[in-house]
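The values are calculated or read from the model by the stated rules, or taken from the named source; none is laboratory data. Remember, it's a predicted structure, so these values are computed and weren't measured experimentally. Cβ sites come from the backbone with ideal geometry, for glycine too, and all protein chains shown count toward neighbours.
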Amino acid sequence: MINLNINIDKLEGFVSRESIYGFESQLALHQGSLLNKTGKGNDFLGWITLPDEIDEAMLASIESDAREIKEKADIYVVIGIGGSYLGARAVIEALQHNFASLLNKSERKSPLVVYAGNNISEDYLADLIDILDKYDYALTVISKSGTTTEPAIAFRILRNHLEKKYGIAEARKRIIAITDKSRGALKGLADSEGYKTYVVPDDVGGRYSVLTPVGLLPIAVSGFDIRAMVAGAKAMKELVTSANTIDTNPAFKYAAARNALYASGKPVEIMVNYQPSLVYITEWWKQLYGESEGKQNRGIFPAGVSFTTDLHSMGQYVQEGLRVIFETVLSIAKPGRNLSVPSASDDADGLNFVAGKRIHEVNRQAELGTLLAHVDGDVPNIVISLPEVNENNLGQLLYFYEFACALSGYLLDVNPFDQPGVEAYKKNMFALLGKPGFENQTSELRARLGL
Ligand code: PA5
């Protein structure tokens, strides 16, 4: 059953119905190109069929590794950057206790997941080692290319730490590598050290890899139901790959609406959530859309806010700043917990009028009030709703975003599956660090920096 709903009623007055529905025939063609693999980036379309291809053997293997890690580790370190960690983190943070790090392992029933290799901060890694000195841990290093600097540095450090802490033989049993099936430094190392490995398929790019072991293993270690998540993705796949009108296909509707807004002079999309646990869903979405669409001097700029928190910071800009913004609200109908506002005999804060109401009800009215205020402030709003946050619904949501992103990229006439722009900083960094082969650029860059 499909639980995700998308509502574009609040675009009325900003973009015409014709400008949205005018994309319908193009979308049907692009849907065909994705399924027939005839469009741009057609060697990176393996993600489309992942929900059908994840077989029992793969799920059982991931669940068995997850059980083993749960038994031996208090902390589970996921090393990876970009698409190699954001999907797992998005789902884990959406589902886990908001204060998981303050619960003990028996309360959590799974190791605490921490992340490394997504920055090059010396302080972050040194602080992490302080913690890993004290707890039993296991790690999974994820890098499709096997050559990305950030995770490679983190893995060097943590592999040494693990070997010193447990000895080489046990350290090897505490490491799982997820990488290319045959290429890259990580694959070579994993083979020579005998680490358990999982493969990132050749035709699945990092930001589309959440339904491979890249996402599924960490999610399973955290104790969540990967079968329900895959089932949700599969249900969404069946819908978005077959329905071919804007009214029946939510991915068509989202891609058409945001492109109509973009064409009308709204190049910034802000993803809005009303739950702190959904911040990493936004982070994952930002990477998916930013890296897929931002090229050839075009693309909608993906930003994120967490309301009501950011209504007290970014709210002013959204309400009255430059009118180049539209918002997409991820609206959750039902909370996972149950808590009401208490009554106070002194009513010192004047809030007795909400006494007895669920906190979620207050949040919901804040959401609806904000929606109208922002629309009145010339910020069109798209609303994506889910009845609740659970594995099945997240599977639906992530697959929906992926398919809509591919369609939207094709509407923009870019290749949504490459990321050539990511190389520019890497080349400069390597030249400045004196990597062999980059000597010619080193002095030029140093001169430009006045060094
Ligand atoms: O979506 C992408 O392709 C990127 O974000 C990559 O996932 C990221 O750069 C990490 O690459 P790798 O997995 O090769 O280390």
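Suppose we filter the stretch 288-310 for residues that are surrounded by fewer than 20 Cβ atoms within 10 Å (Cβ to Cβ) and in contact (Cβ under 8 Å) with a residue 40 or more places away in the chain; how many remain?
5
So which residues in the stretch 19-52 are of a type in the set (Asp, Glu) and under 15 Å from Asn244 (Cβ atoms), if there are any at all? Talk me through it step by step, then tell me what you get.
Start the filter on the stretch 19-52 by keeping residues that are of a type in the set (Asp, Glu), which leaves 24, 43, 52.
Glu24 - this is the single residue of the stretch 19-52 that is of a type in the set (Asp, Glu) and under 15 Å from Asn244 (Cβ atoms).
Please count how many residues of the stretch 231-245 are of a type in the set (A, V, I, L, M, F, W, C) and buried (at least 23 other Cβ atoms within 10 Å of the Cβ).
Our first condition is that a residue be of a type in the set (A, V, I, L, M, F, W, C); within the stretch 231-245, this holds for 231, 233, 235-236, 239-240, 243.
Then keep just the ones that are buried (at least 23 other Cβ atoms within 10 Å of the Cβ); that gives 233, 236, 240.
Qualifying residue count for the region: 3.
Given the criterion away from the ligand (no atom under 12 Å from the Cβ), among the polar types (S, T, N, Q) and buried (at least 21 other Cβ atoms within 10 Å of the Cβ), identify the matching residue among Ser209, Ser192, Ser222. Full working, then the answer.
Numbers: Ser209 fails: away from the ligand (no atom under 12 Å from the Cβ); Ser192 fails: buried (at least 21 other Cβ atoms within 10 Å of the Cβ).
Just a single option satisfies the conditions, and that option is Ser222.
Restricting to the stretch 29-60, and then to whatever is touching a residue at least 24 places away in the same chain (Cβ under 8 Å), more than 16 Å from the ligand (Cβ to nearest atom) and of a type in the set (Gly, Ala, Ser), can you tell me which residue is nearest to Ile153 (Cα to Cα)?
Checked the stretch 29-60; the qualifying residue nearest to Ile153 (Cα to Cα) is Gly39.
So how many residues does the stretch 432-443 have that are exposed (fewer than 11 other Cβ atoms within 10 Å of the Cβ) and over 35 Å from the mean Cα position of the chain (by Cα)?
Kept after step one, since they are exposed (fewer than 11 other Cβ atoms within 10 Å of the Cβ), are these residues of the stretch 432-443: 433-434, 436-437, 439-440.
Checking the rest, the ones that are also over 35 Å from the mean Cα position of the chain (by Cα) come to 439-440.
So the answer is 2.
Out of curiosity, is Ile131 away from the ligand (no atom under 16 Å from the Cβ), more than 22 Å from Ala88 (Cα to Cα) and among the β-branched types (Val, Ile, Thr)? Even if it seems obvious, please write down each step before you answer.
On the way: away from the ligand (no atom under 16 Å from the Cβ): yes; more than 22 Å from Ala88 (Cα to Cα): no; among the β-branched types (Val, Ile, Thr): yes.
Judged against the criteria, Ile131 is not a match.
Specify the residue that is farthest from the ligand (Cβ to nearest atom); the eligible residues are those in the stretch 74-93 that are more than 26 Å from His161 (Cα to Cα) and surrounded by 24 or more Cβ atoms within 10 Å (Cβ to Cβ). Spell out how you get there, then give the answer.
The first filter runs over the stretch 74-93 and keeps only residues more than 26 Å from His161 (Cα to Cα), leaving 87, 90-91, 93.
Pick out the ones that are also surrounded by 24 or more Cβ atoms within 10 Å (Cβ to Cβ) and you get 87, 90-91.
Details: Gly87: 9, Ala90: 13, Val91: 16 Å.
Only one residue tops the list, namely Val91.
How many residues are more than 14 Å from the ligand (Cβ to nearest atom) and either aliphatic (A, V, I, L, M) or part of a strand (DSSP E or B) (or both) when one looks only at the stretch 174-189?
Count: 2.
Do we find that Gly395 is in contact with an Asp or Glu (Cβ under 9 Å, 6 or more places away or on another chain) and among the small types (Gly, Ala, Ser) in this structure?
It is false that Gly395 is in contact with an Asp or Glu (Cβ under 9 Å, 6 or more places away or on another chain) and among the small types (Gly, Ala, Ser).
Given the residues Thr212, Thr241, Thr248, Thr197, which is the only one that is of a type in the set (Val, Ile, Thr) and without any contact (Cβ under 8 Å) to a residue 12 or more places away in the chain?
On the way: Thr212 fails: without any contact (Cβ under 8 Å) to a residue 12 or more places away in the chain; Thr241 fails: without any contact (Cβ under 8 Å) to a residue 12 or more places away in the chain; Thr197 fails: without any contact (Cβ under 8 Å) to a residue 12 or more places away in the chain.
One residue alone meets the criteria, Thr248.
If the requirement is being farther than 23 Å from Gly205 by Cα, within 16 Å of the ligand (Cβ to nearest atom) and not assigned by TED's automatic domain parsing to the domain that holds Ser242, which of these qualifies: Leu158, Leu102?
Working: Leu102 fails: within 16 Å of the ligand (Cβ to nearest atom).
So the residue among Leu158, Leu102 that is farther than 23 Å from Gly205 by Cα, within 16 Å of the ligand (Cβ to nearest atom) and not assigned by TED's automatic domain parsing to the domain that holds Ser242 is Leu158.
Out of (1) farther than 27 Å from Val305 by Cβ; (2) away from the ligand (no atom under 16 Å from the Cβ), what's the single condition that is false for Val268?
With (1) farther than 27 Å from Val305 by Cβ; (2) away from the ligand (no atom under 16 Å from the Cβ) applied to Val268, the lone miss is (1).
Determine which member of the set Val375, Val362 is surrounded by fewer than 18 Cβ atoms within 10 Å (Cβ to Cβ), not acidic (Asp, Glu) and not in a loop (DSSP other than H, G, I, E, B). So that I can check it myself, show each step before the final result.
On the way: Val375 fails: surrounded by fewer than 18 Cβ atoms within 10 Å (Cβ to Cβ).
Selected residue: Val362, the only one of Val375, Val362 that is surrounded by fewer than 18 Cβ atoms within 10 Å (Cβ to Cβ), not acidic (Asp, Glu) and not in a loop (DSSP other than H, G, I, E, B).
Among the numbered criteria (1) in contact with a helix residue (DSSP H, G or I) (Cβ under 9 Å, 6 or more places away or on another chain); (2) assigned by TED's automatic domain parsing to the domain that holds Val329, which one does Ser25 miss?
Every condition holds for Ser25 apart from (1).
Does Ala88 satisfy being within 20 Å of Glu402 (Cβ to Cβ) and assigned by TED's automatic domain parsing to the domain that holds Ala251?
It is false that Ala88 is within 20 Å of Glu402 (Cβ to Cβ) and assigned by TED's automatic domain parsing to the domain that holds Ala251.
Which numbered condition trips up Glu18, out of (1) closer than 30 Å to Tyr198 by Cβ; (2) assigned to a helix (DSSP H, G or I)?
Here Glu18 meets the rest and fails (1).
Mind checking whether some residue in the stretch 137-144 is away from the ligand (no atom under 16 Å from the Cβ) and not hydrophobic (A, V, I, L, M, F, W, C)? Give the derivation first.
Step one: of the stretch 137-144, the residues away from the ligand (no atom under 16 Å from the Cβ) are 137-138.
With the extra rule that they be not hydrophobic (A, V, I, L, M, F, W, C), the set shrinks to 137.
Scanning the stretch 137-144 turns up at least one residue that is away from the ligand (no atom under 16 Å from the Cβ) and not hydrophobic (A, V, I, L, M, F, W, C).
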